[in-house]
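The values are calculated or read from the model by the stated rules, or taken from the named source; none is laboratory data. Note that the structure is a prediction, hence the values are computed from the model and not measured. A quick note on method: Cβ atoms are made from the backbone with ideal geometry, for glycine too, and the neighbour counts reach across all protein chains shown. Ligands, DNA and RNA are excluded from the accessible area calculation, which covers all protein heavy atoms including side chains. Shrake-Rupley method; radii C 1.70, N 1.55, O 1.52, S 1.80 Å.
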Amino acid sequence: MFPDYEIRFARIEDLVKLAEIEQAAATLFCDTSYAFLVNAQPLSMDFVTQQFQAERVWVAVNDRDIVVGYAIAQEVDGNAYLQQIDVHPAYGRRGIGRELVEGVCVWAKKQNYHRILLSTFLDIEWNAPFYTKLGFQILPEVELSFGFQQIRCKEAEAGLPIDRRVIMYRDLGQAMSLTSPSLREAAPTGSGVTLLTSLTLRYRNRREPPRLRLPHR
């Protein structure tokens, strides 16, 4: 049950654990036509650190504060972009992935983004069908802005079957339900941990070029 877990912004000491979770999550592709993703390189520590410094890395922790999942976002063409989300398979099917997505959406709305997007596989259960249940829709190819066209091109160059990849979006204009206790609490003063509802979140208008890696969603 999700009450045993918490979503919070990552701490610097959490970052070294993310690659291990990413590689463990990649094993879920073993029995699919995308088994080659099992051997994909994890996100670089430089990129993860950059997004951490911009307050765009979240972790899911259990009641012993062990990191069991994470999400990373960035900005592409003025939109929030969910770059990566992974949950360790040992903690799968407990609603943690859903809470991570909702947590990033809450953050994006607070940062005045009107839309959040992601790139994912069309035909994998925990990819597009999962995001559809969370209110995401497929963005038609003709509506892709330059940054997302570049993401598609780089995915094709990396060997991904682009005909099975889609860009999905969720509009953030509607108020969202906060189901995780950590999303309803204010950040404790001086704790070094900023929870998602804190009014101290700073808006960062960085237009960084989108990074690409073989996805583990």
Förster radius 35 Å - calculated FRET efficiency between Ser44 and Ile66 (Cβ-Cβ, nearest 0.05): 0.90
Cβ-defined net charge surrounding Ile116, 9 Å radius [Lys, Arg +1; Asp, Glu -1]: +2
Show me, for segment 143-157, the HN-Hα J-couplings you get by feeding each phi into the Karplus relation (A = 6.51, B = -1.76, C = 1.60, θ = phi - 60°), rounded to Hz, glycine and proline as x. 9, 6, 6, 4, x, 7, 5, 5, 4, 4, 5, 5, 5, 5, 5
Rg/Rh over Cα atoms for segment 34-79, Kirkwood Rh, comes to 1.06
Sequence of Glu99, Glu13 when ordered by accessible area, the most exposed leading, probe 1.4 angstrom: Glu13, Glu99
Residue farthest toward the positive end of the dipole of segment 27-185, with Cβ of Lys/Arg at +1 and Asp/Glu at -1: which of Tyr81, Gln137, Phe148? Gln137
Just the Cα atoms of segment 119-159: what Rg and Dmax do they give in Å? 11.4, 30
Within segment 109-139, name every residue whose backbone N is under 13 Å away from a label modeled 7 Å from Cα of Asp171 along the Cβ vector. 114-116, 136-137
Explain nothing, just compute: Karplus ³J(HN,Hα) = 6.51 cos²θ - 1.76 cosθ + 1.60, θ = phi - 60°, for every residue of segment 83-91 in order, whole Hz, x for Gly and Pro. 6, 7, 8, 9, 10, 4, x, 5, 10
Kirkwood Rh and Cα Rg combined as Rg over Rh, evaluated for segment 1-159: 0.93
Using a 10 Å cut-off on Cβ atoms, rank the peptides 30-39, 146-155 from the highest mean neighbour count down. 146-155, 30-39
Net charge near Asp63: determine it from the other residues with C-beta under 14 Å of the C-beta of Asp63, scoring Lys and Arg +1 and Asp and Glu -1. 0
What list of ³J(HN,Hα) couplings, whole Hz, do you get for segment 15-26 from phi and the Karplus terms 6.51, -1.76, 1.60, once you set θ to phi - 60° and write x for glycine and proline? 4, 5, 8, 5, 4, 4, 5, 4, 5, 5, 5, 5
